[in-house]
């Protein structure tokens, strides 16, 4: 897509040449002064301004939107159409995508802090973004796959119904189709366009309304690139997470273990009380015989 748009842009670059001499050389009157064609300086045309703005907006927006992971049953054309739809929303309603990206950034920070608190690990914002974009899929007992939302992931993890997936930041970014170089190139393109617009405005040159719109969208694209800097791009598959079969009884087992420890402690205390009571008896032949024979001999006669 990017290569196609770039080739389309360069194919529309207008070339200028001197007009052909439509007057024949032998029939020119002597008193006729032909005006020589002077090529104007680097003058901008309406089509050049229009396509420059359109290509800048399209390329930068396409590389700046980061869609979530598609479902397991979605085809490639559905994924492409979904990204085009997201790009159009970014152009037509940039404030919606702006607040969506800002909310995802705050959510990634919150998820990373909660997982670090629950599991005593070192999760980053990349892990938080990966959870939000549907990076983990729950595998049930009968093979049913369900995408884990951030709320469900933290709830199951807090209830010990799933284990924390042992995935590192490097493994997540290895699934990403983007890198820091593409983000830097996009930011340079945005800043270069805005810098040219600033110089023209400072010199008092004419600038059009579409350039104003492009400059505003460029600032929005710059914010998107910063908000989604740690978010993976175009991840195609989720990581399966198995649901523990006895996860619902883990808390009960823990309670039973606590109760058994309490019962054993009470039995031990009861035995100590019995031993103390037996030691407090006076030392007589009958009491010594009972202590030697044990409790089973309590009802037997001694002859």
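Quick one: count up the residues across the range 64-78 that are in contact (Cβ under 8 Å) with a residue 24 or more places away in the chain and either within 22 Å of residue 237 (Cβ to Cβ) or touching a strand residue (DSSP E or B) at 6+ places or on another chain (Cβ under 7 Å) (or both). Outline the logic, then answer.
Here is the first cut: in the range 64-78, the ones in contact (Cβ under 8 Å) with a residue 24 or more places away in the chain are 64-72.
Now restrict to residues that are either within 22 Å of residue 237 (Cβ to Cβ) or touching a strand residue (DSSP E or B) at 6+ places or on another chain (Cβ under 7 Å) (or both): 65-72.
Selection size over the range 64-78: 8.
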request  = Can you work out which of the residues in the range 144-166 that are farther than 15 Å from residue 132 by Cα and in contact with a strand residue (DSSP E or B) (Cβ under 6 Å, 6 or more places away or on another chain) is surrounded by the fewest Cβ atoms within 10 Å (Cβ to Cβ)?
outcome  = 145
message = Quick check on the range 168-176. Is at least one of its residues assigned to a helix (DSSP H, G or I), modelled with pLDDT of 85 or more, touching a helix residue (DSSP H, G or I) at 6+ places or on another chain (Cβ under 8 Å) and surrounded by fewer than 17 Cβ atoms within 10 Å (Cβ to Cβ)?
response = yes
message = Tell me the residue from 138, 156 that is in contact (Cβ under 8 Å) with a residue 40 or more places away in the chain, out of contact with any helix residue (DSSP H, G or I) (no Cβ under 6 Å at 6 or more places or on another chain), part of a strand (DSSP E or B) and at negative phi, please.
response = 138
request  = Could you tell me which numbered condition residue 94 fails, if it satisfies all but one of (1) under 15 Å from the mean Cα position of the chain (by Cα); (2) farther than 20 Å from residue 159 by Cβ; (3) touching a residue at least 60 places away in the same chain (Cβ under 8 Å)?
outcome  = (1)
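The values are calculated or read from the model by the stated rules, or taken from the named source; none is laboratory data. Keep in mind it's a predicted model, so treat the numbers as computed, not measured. For neighbour counting, all protein chains shown are included, and Cβ atoms are generated from backbone atoms with ideal geometry for every residue, glycine included.
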